[in-house]
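Structure first, then comments.
The values are calculated or read from the model by the stated rules, or taken from the named source; none is laboratory data. On a predicted model such as this, the values are computed, not experimentally measured, just so you know. Cβ sites come from the backbone with ideal geometry, for glycine too, and all protein chains shown count toward neighbours.
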Amino acid sequence: MEKCLEIEQQLPSFMKDFSIYLKNGVALSTRLAYLSDILFFCKYLINETDITTASQVTDITVEDFNKITAKNINRFIGDYCSRYTVKDDTSIKIMENDNRALGRKKSSLSVLFKFLYRDEIVKNNITDGFNPIRLPKPQPDAIKRLEIDEVAIMLDIVSSGEHFTEGEKKYWEKTKLRDKAILVLFVTYGLRLSELEQLNISSFNFNRGEFRIYRKRGKEVVMPINKTCETVIKDYIENERSASSILDDEHKDALFLSLQNKRMTTRAIRNLVKKYTSIVLGTSRENGYSPHKLRATAATSLIQQGFSIYDVQNLLDHDNVTTTQLYAAHKKNVKREIVKNFEWIDD
């Protein structure tokens, strides 16, 4: 939130309504990504083009933006963004973006220019002239996830502390119940990282057997809680989590706390997941799986257990069932099982 507000203050004043639109219309992480891309584009206009004579971003005018054509955007994305340099006092870095990163920048600018056209700030809708960016189609075999037996090993590790060094075990002793609750929630519900990070004590109603999460676009959803999740969460709250009475007001309700008694950041949660999955996979911490891979793990595990792809789509909040079908492709020997149990003629 603070980063979003900081960027918004650096943008031209005519984008004020666009900032309000993002605030109410998209998830916080998406809002930050869009604003970052737009600020980067505005700096490009100043430093790399003659479209504006402004010396700082706040000085860019509506008239400047009305000069921008689709060709300018295509050159920015296809030429400049694919490879550019960043200079500071001590070094020069060469930055490169793949098609996925370029696609996000295109999306950010498309949303901006459509909004400005809708609000009659710019005269033309130039987005129809943006060049397409081909993204690799995800293949089932490329989806990384843990197998069911690997999930069991991971949960054993978080319970036993096996494979940790003596130094690591000192920290593990203080966080093992928290870590287990986090991992169980990920592999049971396939939560997104932001959904887990935002969980509060007040999100849970154990008497009714449910908890609330906030999906993309701020959508509030009530989820049923099973016995495993209820057990590990209560165990953490009652036996490891610091009492709310000693916490700062902004962290009193946060479910998952750091050792500094603050709400865990998305980076800390991501590093935690990488740590445990790297041990299971026998690889370095850097090559451990991200929380999104545990989301894929939950999806494939549920489908392998026989649940409908439509039920899994509902649970994971996939916008399109074709996304869920990618995970369904991992169900082993499904064709063989179908025809084997569908004989028309008996021996």
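Structure data summary
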| item | result |
| --- | --- |
| In the stretch 54-99, the residues that are farther than 16 Å from Leu112 by Cα and in contact with an Asp or Glu (Cβ under 8 Å, 6 or more places away or on another chain) | Ala54, Tyr80, Ser82, Arg83 |
| Residues of the stretch 69-106 satisfying the condition of being free of Cβ contacts under 8 Å to residues at least 24 places away in the same chain and assigned to a helix (DSSP H, G or I) | Asn72, Arg75, Asp79, Ala101 |
| Among the candidates Ile246, Ile269, Ile237, residue that is touching a Pro at 6+ places or on another chain (Cβ under 7 Å) and not hydroxyl-bearing (Ser, Thr, Tyr) | Ile269 |
| Residue match in the stretch 57-64 (condition: in contact with a Phe, Trp or Tyr (Cβ under 6 Å, 6 or more places away or on another chain) and under 15 Å from Phe14 (Cα atoms)) | yes |
| Asn66 over 16 Å from Lys105 (Cβ atoms), part of a helix (DSSP H, G or I) and at pLDDT 95 or above | yes |
| Test: residue in the stretch 32-44 that is under 21 Å from Asp119 (Cα atoms), without any contact (Cβ under 8 Å) to a residue 60 or more places away in the chain and not in a helix (DSSP H, G or I) | no |
| Of residues in the stretch 11-31 being part of a helix (DSSP H, G or I) and among the aliphatic types (A, V, I, L, M), the one modelled with the highest pLDDT | Met15 |
| Single unsatisfied condition, Arg212 versus (1) touching a Phe, Trp or Tyr at 6+ places or on another chain (Cβ under 9 Å); (2) part of a helix (DSSP H, G or I); (3) more than 18 Å from Asp179 (Cβ to Cβ) | (2) |
| Spans of helices (runs of 4 or more DSSP H) in the stretch 259-347 with at least 2 residues of a type outside the set (Lys, Arg), at pLDDT below 85 and on the phi < 0 side of the Ramachandran plot | 291-304, 309-316, 321-328, 334-340 |
| Sole residue being touching a Lys or Arg at 6+ places or on another chain (Cβ under 8 Å), of a type in the set (Val, Ile, Thr) and at pLDDT 95 or above, chosen from Val232, Val221 | Val232 |
| Failed criterion for Thr228 (all others in (1) over 19 Å from Leu315 (Cα atoms); (2) of a type outside the set (A, V, I, L, M, F, W, C); (3) in a helix (DSSP H, G or I) hold) | (1) |
| Evaluation of Lys216 against (1) modelled with pLDDT under 95; (2) surrounded by 13 or more Cβ atoms within 10 Å (Cβ to Cβ); (3) within 25 Å of Gln260 (Cβ to Cβ) (one fails), failing number | (3) |
| Members of the stretch 231-244 found to be among the hydrophobic types (A, V, I, L, M, F, W, C) and part of a helix (DSSP H, G or I), listed by number | Val232, Ile233, Ile237 |
